[in-house]
Structure formats: structure tokens, C-alpha cells
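Colleague: Take a look at the following structure, please.
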Amino acid sequence: MNVTGTALSLNVADTAASAEFAKAHFGFTEEMAADGFVSLAHPSAGFNIVFLRTGLESFKPASIAGPAGEGLLIAFVVEDIDAEFARIAAGGAEVVTAPETEEWGERFCQFADPNGIVWQLVQWV
């Protein structure tokens, strides 16, 4: 198999709200958009994030067409978590977890977008 691209697709009630959050706080840019659909790219993430409006008839399989969110984290490893936390929090993002360090060396913080998707930053210390 030769994988030429990767995307994470999430069903959300308000695609524009999640897309604007990702662009404003995480540096994503819009690649494509249509009614109920936004695809975002990032120069260093290595994958696209796609937001689909919950309830689209075109979503397959219909048995899992509900909203994303519960138990889902979008995580990015960064070099300076404290600086990134300060920047994103100052930008008005909802803080879920302020920076804390786990005993195994993972330092992390979390933010929630307007649809409740949790965006996590990680730094290994």
C-alpha cells in the first residue's frame, strides 16, 4: 500500500466553528469547503482535518453518523508547550486542562473548540 495522504474526519454540528478554531489557534488553513464540509491542512501536521456536518445524507456508514467528541482527543506534540498554552489561552480558547506533567514525562494541556472537540498539546520532558 502506498498512502499518499491522511485525514481525520469528524462529525460536528457547526463545521465553520470548528474550522475557525483550528485556523485561529492551531495554524490550519482551508483547502476545500462546501455545504456541510470543510477540509483543513497544516504545513507540519502531516494530515488533514475534515469537519462534516452531523446528519449529512452522504455519510457512510449511517450507523455511526453521530457527532464526534466523547472520548476523542486531537493531540499535537510541540516544542514549547508553555508558550503555546499562553498564546492559545490569550487568544480566547476554552481551557480544559492547564499544563500539567504526568509522572512518565508527558507534559500536556487541553482546549475545547465550540463543538466540544478536545485539542491537546503534548511535550515530552
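Colleague: Could you give the length gained by full extension between F37 and D80, i.e. 0.36 nm per residue of separation minus their alpha carbon distance, to one decimal place? If you can, show how the numbers build up before the last one.
Modeller: Working: separation 43, 0.36 × 43 = 15.48 nm, distance 3.21 nm.
So the extension gain works out to 12.3 nm.
Colleague: Give the separation of the Cα centroids, region 69-125 to region 1-32, in Å.
Modeller: Using only Cα atoms to place each centre, the spacing works out to 17 Å.
Colleague: Ok, one more. Report the label-to-label distance for A62 and E100 in nanometres (one decimal), using points 7 Å from each Cα along the Cα→Cβ vector.
Modeller: Spacing of the two 7 Å Cα→Cβ label points: 4.3 nm.
Colleague: Now for a different question. What ranking do 73-82, 99-108 get when scored by the average of other Cβ atoms within 10 Å per residue, highest first? Write down the numbers at each step before the final one.
Modeller: Numbers: 73-82: 13.8, 99-108: 12.0.
Answer by packing, highest mean first, reads 73-82, 99-108.
Colleague: So, one more: Please compute the Kirkwood hydrodynamic radius of the chain from all pairs of different C-alpha atoms, in Å with one decimal.
Modeller: Evaluated on the chain, it is 15.4 Å.
Colleague: How far apart, in nanometres, would the label points at L73 and F47 be if each is projected 7 angstrom from Cα along the Cα-to-Cβ direction?
Modeller: Each label point lies 7 Å from its Cα, and together they span 1.5 nm.
Bear in mind that the values in this text are calculations on the coordinates, not laboratory data. Remember, it's a predicted structure, so these values are computed and weren't measured experimentally. A quick note on method: Cβ atoms are made from the backbone with ideal geometry, for glycine too, and the neighbour counts reach across all protein chains shown.
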